[in-house]
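The structure under discussion appears below in the form of C-alpha cells.
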Amino acid sequence: GESTTIAATTIAATTATPIKTLACSKKTKTKKLKSGESVMITSPKFPEDYPNKKTQCSWKIKTAKKKDSLKISCDTFKLNGKDFLKIGKKKYKGKKAPTKLAGKNVSIDFKTEKNSSGEGFSCVVKAK
C-alpha cells in the first residue's frame, strides 16, 4: 500500500528529532552524518551577535555513506567587515550565504577580526 508509506513519512516529518548544534571550537573532531541526518552550525552566542573579539571556529563534517553528499542551508547569514565563513577553499562574507556544499567531506571555518561583531549565522548541514 501506498497510503501507509505516505502516512509514515508524514509522521516522521512531524516527530523529527531536534537538530544537534555542533559547538564552535578550534580543534574539532569529524562529525559523521548518516543519510537524512542534519547538524547545525552557528556563530558563537547565536542568536545574539557574535562577540567583538578575534574568534576562530572549525567544523569537519563527512557523510557516513559513500553515496551520500552534504547539503547546506542558512537561515541567517550576516557577517561584518572582513569576517568570513570558509567552506573548503571558498570564503563567504557579508550577506552572501553558502547555498551548496559539494562532496562528502567538508571543513568549515569561521574567523573574525578582533574589533568586529555582527549578527552571525545559522546553517544546517544535511547528508542525503
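Bear in mind that the values in this text are calculations on the coordinates, not laboratory data. Note that the structure is predicted; figures quoted are calculated from it, not measured. Every residue, glycine among them, receives a Cβ derived from its backbone with ideal geometry; neighbour counts consider all protein chains shown.
Per-peptide packing, taken as the mean over residues of other Cβ atoms within 10 Å, places 45-54, 105-114 in the sequence 105-114, 45-54 from highest down.
In order along the range 79-88, the Karplus-derived 3J(HN,Hα) couplings, from 6.51 cos²θ - 1.76 cosθ + 1.60 at θ = phi - 60°, round to 10, 9, x, 8, 5, 8, 10, 10, 10, x Hz, and Gly and Pro are given as x. Here the 3J(HN,Hα) profile of the range 28-35, calculated from phi with Karplus coefficients 6.51, -1.76 and 1.60 at θ = phi - 60°, is 10, 8, 6, 9, 8, 10, 6, 3 Hz, Gly and Pro shown as x.
If every alpha-carbon in the chain counts as one equal scatterer, what log10 I(q)/I(0) does Debye give at q = 0.16 1/Å? The Debye formula, applied to the Cα set alone, gives -0.78. Under a 5 Å amide H cut-off, with hydrogens placed 1.01 Å from N, L101 pairs with I72 among residues at least 5 apart or on other chains. For each pair in K27/K93; K34/K82; K26/K78, compute the distance between the two Cα atoms and list the pairs where it is over 31 Å. Pairs exceeding the cut-off: K34/K82.
Extent along the principal axes, Cα only, for the range 52-120: 43, 19, 17 Å, with the longest axis given first.
Across the chain, C-alpha contacts under 8 Å between residues 6 or more apart give a mean separation that, scaled by the residue count, equals a relative contact order of 34 percent.
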